[in-house]
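Below is one structure, written out as structure tokens; the observations come after it.
All of the numbers you see were taken from the coordinates with simple rules; none came from a lab. What you see is a predicted model; the values in this text were computed from it and never measured. Note that we place each Cβ from the backbone using ideal geometry, even for glycine, and neighbour counts take in every protein chain shown.
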Amino acid sequence: MPLHDLIIIGAGSGNSIIGPEHDDMDVAIVERGLFGGTCMNVGCIPSKMLVYTAEIAELAANIGPKLGVHTTFAGADWPAIRDRVFNRIDPIAADGEQYRKGLDNVTVYQHDAVFTGPKQVQVGDETITADKIVIAAGARPWVPPIDGLDAVGFHTSDTIMRLDTLPRRLAVLGGGYIATELGNVFGMLGSEVTFIVRSDAMLRNEDEAISAAFTDAYKQKFDIRFMSGVTAVRREGDEIVLDLFPSHEELRVDEVLVATGRVPNGDQLNLAAHGFALDEKGYLITDSNLLTNIDGVFALGDVTNPVQLKHVANHEAKVVRHNLANPDSMIEVNHEFIPHAVFGHPQVASVGMTERDAITAGLDVTCHVQHYGSAAYGWAMEDTTSIVKLVMDSGSRRLLGAHICGPQASTLIQQLIQGMVFGQTVDQMAAGQYYIHPALPEVIEQALLEL
């Protein structure tokens, strides 16, 4: 049984743990897929490259003509778009793998990892062990149990971005961030997209005002079947037929994207059978130092955290990297203000509590919604739909949450994140610095002043 000093399971954010401070350690990396993990290969990076492309198409098709610019959208060369993305990304994964394999103190095992004991991991035909283990095994798309779905050749976010041809008709199951981002990409590039959504709104976990604004925007562009589901799927020739409920309608499409959520990979590692503590949803439980209940075993990223954001996993990897090298002076993870963004069109960005969260928690809050069009740049854009919503604690006058739906949302929210982290009041954020006129951040200033 090979004995290492450190085993790292997963070469996404887990791959960034190894630094010069670990040069004296015998390290094993177990990775069954591509180096770089979900974000680099099938998530954040390729999807945002496609999002940017789709945004250009939407500007040409819809925005330019409204402003008197003679732009049109004549169609997309999907293979060229796809190849631009993956011809840049695939070499990065390959180079990362070769770099790790070239290090004298690192052994790469390209197999599934399955625990056969608290510190024993089967990889292929071998079982390896180590004093220290880091579980960074990620998550995977959840596929609902729909009759016939497995037989028709459906796609998830892992596969849809590598399609050979742009589908003429695409059904998207789901109304969350993956569904809305990728559905918008294909819709703006020329596919006829139908969303099948169980609830009555898109992005229903966002603040209600943001979800409503986003839903209204998507209803203008796409066929959305709210409060709907799929009872069965079958293939008839080149078509995929979905039986919808409660309408009993048959929806005929060329491809299906299943974007109904993600689940942690802890079950595939057989963690529960060997004493690892998991929560009711299967996430591996860690303490503030990111240690599991098994001595010497750390965990990070999507296998532990339902937030499932790359910037969270990267932060956690830095914590684990430090704690491995400094066991007597460990640092704690900071999850107080975790922002997120949805790169649809419009964009959505959020940090902190929604109004619904704050009221449920029994807090005394003051809320305000500010429209982009009230600021000079928003007015110049003729923006009539984008909004900023702030949730303030009425007593302390500190922000509890900030939520934006509109252009540059993921950038505009950063100054509010910083103010919240440093404990500034709304008044200090509004009046403590200059806001460039007539730049779009003035809408943030105006929202703060209204509070």
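Quick notes
- Magnitude of the charge dipole for the chain, about its Cα centre and with charges confined to Cβ atoms of Lys, Arg (+1) and Asp, Glu (-1), is about 660 debye.
- The alpha carbons of region 361-426 stretch over 37, 21, 18 Å along the principal axes, in descending order.
- Comparing Cα centroids, region 17-78 and region 400-451 end up 27 angstrom apart.
- Dipole of the chain, positive end: most advanced residue of Leu412, Ala313, Ile224 [Cβ charges, Cα centre]: Ile224
- Cα gyration tensor, region 90-153 - rounded (a/c under 1.5), prolate or oblate: oblate
- Among the cysteines of the chain, those with no neighbouring cysteine Cβ under 4.7 Å are Cys367, Cys405.
- 28 Å Cα-Cα reach of Lys281 towards lysines, excluding residues that sit fewer than 8 places from it in its own chain: Lys119, Lys132, Lys310, Lys318
- On full extension, the segment bounded by Leu3 and Ile92 gains 29.1 nm, given 0.36 nm per residue less the C-alpha separation.
- Aspartates and glutamates with Cα under 18 Å of Lys221, excluding same-chain neighbours fewer than 8 positions away: Glu55, Glu58, Glu181, Glu192, Asp200, Asp383
- Anisotropy class of the chain from Cα gyration tensor, a/c 1.5 cut: oblate
- Global geometry of region 74-121, whether rounded, prolate or oblate, following the gyration tensor of its Cα atoms and the 1.5 cut on a/c: oblate
- Taking each residue as 0.36 nm, the span from His70 to Glu192 lengthens on full extension beyond its C-alpha to C-alpha distance by 41.5 nm.
- Among Ile128, Ile146, Ala94 the positive-end extreme of the charge dipole of region 93-153 (Cβ point charges): Ile128
- Counting only the Cα atoms, region 1-157 fills a convex hull of 181 Å³ per residue.
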